[in-house]
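Notes follow once the structure below has been shown.
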Amino acid sequence: PSVSGHLEVEVGGGPLDPASTGPSQVAIYVKGQWGGGFTAGGSRPDVGNAYPGYGDNHGYGGTVAATPADSYMVCAYGINTGPGDTNSMLGCGVFSL
């Protein structure tokens, strides 16, 4: 927790868009509200090993701000770069204070 009354939630992962070998974009929502965005271009050899031909540069990590509450949900979405218009939910977590 920071002194301003805000919390920082650490997020990270290794998304891969099968339509692209380049880094994916990730959107984070906290309690249904925009929390921040990341470019998943960091080294993730585990992703590269699991998906040969896509390379290792699909990792992201960082923090997003949240206000103190009894509990809240943080969700990550992979932004689609290929055909279609649906962004994939990468995962959610419920956090309690």
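Quick notes on this structure:
- Condition met for Tyr29 (touching a strand residue (DSSP E or B) at 6+ places or on another chain (Cβ under 7 Å) and hydroxyl-bearing (Ser, Thr, Tyr)): yes
- Asp85 vs. criteria open to solvent by 60 Å² or more (accessible area, probe 1.4 Å), of a type outside the set (A, V, I, L, M), out of contact with any Ser or Thr (no Cβ under 7 Å at 6 or more places or on another chain) and not in a helix (DSSP H, G or I): yes
- If you filter segment 1-25 down to residues that are acidic (Asp, Glu) and modelled with pLDDT of 85 or more, you find that the one that is nearest to Gly55 (Cα to Cα) is Asp17.
- Scope segment 81-97; condition polar (S, T, N, Q) and within 12 Å of Leu16 (Cβ to Cβ); matching residues: Thr81, Ser88
- In segment 4-21, residue surrounded by the fewest Cβ atoms within 10 Å (Cβ to Cβ) [restricted to those that are over 12 Å from Asn80 (Cα atoms) and touching a Gly at 6+ places or on another chain (Cβ under 9 Å)]: Glu10
- Flag: Val26 does not match the condition of being surrounded by fewer than 12 Cβ atoms within 10 Å (Cβ to Cβ) and of a type in the set (Val, Ile, Thr).
The values are calculated or read from the model by the stated rules, or taken from the named source; none is laboratory data. Note that the structure is predicted; figures quoted are calculated from it, not measured. Positions of Cβ are generated from backbone atoms using ideal geometry, with glycine treated the same way; all protein chains shown enter the neighbour counts. Remember, those area values only see protein heavy atoms, side chains included, never the ligands or the DNA or RNA. Shrake-Rupley method; radii C 1.70, N 1.55, O 1.52, S 1.80 Å.
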